[in-house]
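Only one structure is covered here, and it is reproduced in the block below.
The values are calculated or read from the model by the stated rules, or taken from the named source; none is laboratory data. In this text, all values refer to a predicted model and were calculated from it rather than measured experimentally. Virtual Cβ from ideal backbone geometry, glycine too; neighbours counted across all protein chains shown.
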Amino acid sequence: MDLIIKNGTVVTASEMFRADVGVEQGKIAVIAERIGGEAGRVIDAAGKYVLPGGVDVHTHLELPVGDLVSADGYYSGTRAAVCGGVTTVFDYPTQTKGKGIVETVAERRAMAETVACCDYAFHCAITDLGAGDALLDEFQAAADYGITSFKCYMVYDIMVNDGVLLKILEKTRDTGCLTTIHAENRDVLEARIASFVSAGKTDPWHHYMSRPEFVEAEAVKRGIHWAVAVNAPLYIVHLACKEGLYAVAEARTQGHPIYAETCPQYLEFTSEVYKRELGRNFVCSPAIKGPESRDALWQGIRRGVIDAVATDHCPFAQAEKDRGIHDFRKIPNGCAGIENRYPYMLSAANTGRISFSKAVEVCAEKPAALFGCTSKGSITVGKDADIVLYDPAKDFEITLKNMHSNCDHTIWEGIRLKGYPTATFLRGEPVYENGTYKGAPGMGRYIKRGASGLN
Ligand code: URP
Ligand code: ZN
Ligand code: ZN
């Protein structure tokens, strides 16, 4: 055996039990009450929880936005990930006019290959189907390459209209893939932005006011409507509003394969953050909503309506956020979270808000299954030995100097967590121990995904 983790409490999405875990050649080889014999390394995990490495299915590393690029690239972003117990990240390359899906993703894969500190997979955001919708013919080849999920933005300049969304839903249904949507109503939010700007209301609060709950809710319902119409599975990314959550729950009750993700920023904060002195730092889209939505999202997690908690990690440097001090339209959208999500959700478990199994379910097991990542997401014999040791007694205060991102600020500054990861193993190799990154760039591998496991 290469590694034996002894005396810990194993947490899966369905149970917690005391066991030893043995690792051989990067895989979980044995889970048993006692594992004897020789091992390259033996760790006593008494008092600690043994968790699967986190799977963050929504990040934007090195994302170009106008003349800016998001602050974390494939090195610093994945380094921060492993220091927060995450061993797999999914990035979102954006296909542009005239470009193929595999070509788009292959470019990003090459950027990640020599620097990634954890394993990585890609969705692909589709922006243009090309003449005669030729790009649809590439979906099967993309699936063969391991790209089995596609994002449609319903906003921004890269949005697709409902006709294109419908075609993508049909194609993903036929190829065993999954469509994901960023749901907001662009017409309405642009009209509201124009009104606020002409009235001189350009502070960060009006970022929220221009795209409040009902702007997101309509698009969520519209996306579900089209998915149901063509009997296609649909995954709503970064769901942030109560009414949208209820629409997901209703569709699910009727037996439709509609899935939802939310993010920690929508669970911790409310729209009041936009009134803070540094309100611009919280600008992301969808905007952070009111307390009713925040509370409903927690209920959605507890009741199993939310399938995944991901980060939408997309931070920008302070000076870049500052561009919009007096004009919210100039604030680059996105916040950091890649290192904070898993500890935050585990702290919610440790303080009784959800169970540890639920935290593992939404942060690792279910997103891995949904997105065809069969070797990840669970402490199970045969899976990759992506393992986190978690000390429930360790108090932790998030502060920039303890983080491993390249960004020069964090919206999580000062948030106190009960319990914290003390070690992360990527395929059996230590990559993080007690506050320090221990891996090497390039250790991460590309994950060729299969079809969605929950369709
Ligand atoms: O504000 C955000 N979420 N920025 C990243 C791009 C997106 O919309 O997911
Ligand atoms: Zn989005
Ligand atoms: Zn995003």
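Here are some notes:
- Members of the stretch 203-215 that are over 16 Å from PHE282 (Cβ atoms) and either surrounded by 18 or more Cβ atoms within 10 Å (Cβ to Cβ) or at pLDDT below 95 (or both): GLU213, VAL215
- Residue within the stretch 68-84 that is away from ligand 1 (no atom under 16 Å from the Cβ), more than 22 Å from the chain's Cα centre (by Cα) and farther than 19 Å from CYS373 by Cβ present: no
- Of all residues in the stretch 110-137 being more than 30 Å from LYS330 (Cα to Cα) and crowded, with 21+ Cβ neighbours inside 10 Å, the one that is farthest from ligand 2 (Cβ to nearest atom): CYS117
- Test for ALA143: is it small (Gly, Ala, Ser) and either within 15 Å of ligand 3 (Cβ to nearest atom) or closer than 26 Å to TRP412 by Cβ (or both): no
- Residue match in the stretch 60-67 (condition: in contact with a helix residue (DSSP H, G or I) (Cβ under 8 Å, 6 or more places away or on another chain) and without any contact (Cβ under 8 Å) to a residue 60 or more places away in the chain): yes
- Against the list (1) polar (S, T, N, Q); (2) part of a loop (DSSP other than H, G, I, E, B); (3) surrounded by 17 or more Cβ atoms within 10 Å (Cβ to Cβ), the condition THR424 fails is (2).
- HIS409 being more than 16 Å from ligand 1 (Cβ to nearest atom) and part of a loop (DSSP other than H, G, I, E, B): no
- Residue check for ALA141: assigned to a helix (DSSP H, G or I) and in the same structural domain as ASN333 (by TED's automatic domain parsing): yes
- Which listed residue is assigned to a helix (DSSP H, G or I), under 26 Å from ALA310 (Cβ atoms), at pLDDT 95 or above and in the same structural domain as ASN161 (by TED's automatic domain parsing), from ALA121, ALA106, ALA116, ALA134: ALA106
- Checklist (1) part of a loop (DSSP other than H, G, I, E, B); (2) away from ligand 3 (no atom under 16 Å from the Cβ); (3) of a type in the set (D, E, K, R); (4) under 22 Å from the mean Cα position of the chain (by Cα) applied to ASP203, failing item: (4)
- Of the residues contained in the stretch 336-348, one or more are found to be farther than 27 Å from MET16 by Cα, within 16 Å of ligand 2 (Cβ to nearest atom) and not polar (S, T, N, Q).
- VAL23, sole failed condition from (1) part of a strand (DSSP E or B); (2) without any contact (Cβ under 8 Å) to a residue 40 or more places away in the chain: (2)
- Condition broken by THR127, with the remaining ones in (1) part of a helix (DSSP H, G or I); (2) more than 30 Å from GLY53 (Cα to Cα) satisfied: (1)
Okay, residues lined up against (1) buried (at least 24 other Cβ atoms within 10 Å of the Cβ); (2) at negative phi; (3) more than 16 Å from ligand 2 (Cβ to nearest atom):
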residue	(1), (2), (3)
LYS242	no, yes, yes
TYR246	no, yes, yes
ARG252	no, yes, yes
GLY255	no, no, yes
THR262	yes, yes, no
GLU268	no, yes, yes
LYS275	no, yes, yes
LEU278	no, yes, yes
PRO286	yes, yes, no
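- GLY98 at pLDDT below 95 and not acidic (Asp, Glu): yes
- When the test is whether a residue is more than 25 Å from MET443 (Cα to Cα), part of a strand (DSSP E or B) and out of contact with any Lys or Arg (no Cβ under 8 Å at 6 or more places or on another chain), ALA393 passes it.
- Boolean, ARG173 is away from ligand 2 (no atom under 13 Å from the Cβ), assigned to a helix (DSSP H, G or I) and free of Cβ contacts under 8 Å to residues at least 60 places away in the same chain: no
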